[in-house]
Amino acid sequence: MLEPLTLLLEELGCANYQVVEQVTARSQWGEPRQNNAVWPGYNSSIFIQESDLSKVNNLMEKIEEMNSRAFNNGELIVAFTLNVENYIHIKPVD
């Protein structure tokens, strides 16, 4: 589901995100992915920084729609938001 999700981020104008591929994981929604003979494969994680609440809400709604069309538990996308209390505002170098 990595490609459809990154395409959705581009469509919604979410420009600040990092993709971490090859994440080993266990969850209650599907088979573990531990990259071994018993549990082959990986998950992926995307960290998105977005301060526009309308974009965040729209993204969460679209992910819920994607989940409603999932073929199996392996296609489900887990999403959550975190409030950031402090951060360093980066200024471009001239």
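Condition first: surrounded by fewer than 13 Cβ atoms within 10 Å (Cβ to Cβ) and either outside any loop (DSSP other than H, G, I, E, B) or not basic (Lys, Arg) (or both). Now tell me which residues in the stretch 61-77 satisfy that. Don't jump to the end; show me each part of the working.
Within the stretch 61-77, the subset surrounded by fewer than 13 Cβ atoms within 10 Å (Cβ to Cβ) is 61, 64-65, 68-69, 71-73.
Within the stretch 61-77, Glu61, Glu64, Glu65, Ser68, Phe71, Asn72, Asn73 qualify.
Among the residues that make up the stretch 25-43, is at least one of them closer than 15 Å to Pro4 by Cα and surrounded by 14 or more Cβ atoms within 10 Å (Cβ to Cβ)? Please lay out each step first, then the result.
Filtering the stretch 25-43 for residues closer than 15 Å to Pro4 by Cα gives 43.
After this cut, where a residue has to be surrounded by 14 or more Cβ atoms within 10 Å (Cβ to Cβ) as well, the list is 43.
Among the residues of the stretch 25-43, at least one is closer than 15 Å to Pro4 by Cα and surrounded by 14 or more Cβ atoms within 10 Å (Cβ to Cβ), which makes the answer yes.
So that you can scan it fast, the table gives a plain yes or no per residue for (1) at pLDDT 95 or above; (2) of a type outside the set (Lys, Arg); (3) at positive phi:
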| residue | (1), (2), (3) |
| --- | --- |
| Gln28 | no, yes, no |
| Ala37 | no, yes, no |
| Ser44 | no, yes, no |
| Asn58 | yes, yes, no |
| Lys62 | yes, no, no |
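In the set (1) farther than 22 Å from Glu11 by Cβ; (2) touching a residue at least 12 places away in the same chain (Cβ under 8 Å), Gly41 fails one condition alone, (2).
The values are calculated or read from the model by the stated rules, or taken from the named source; none is laboratory data. Note that the structure is predicted; figures quoted are calculated from it, not measured. Here Cβ is always computed from backbone atoms with ideal geometry, including for glycine, and neighbour counts include all displayed protein chains.
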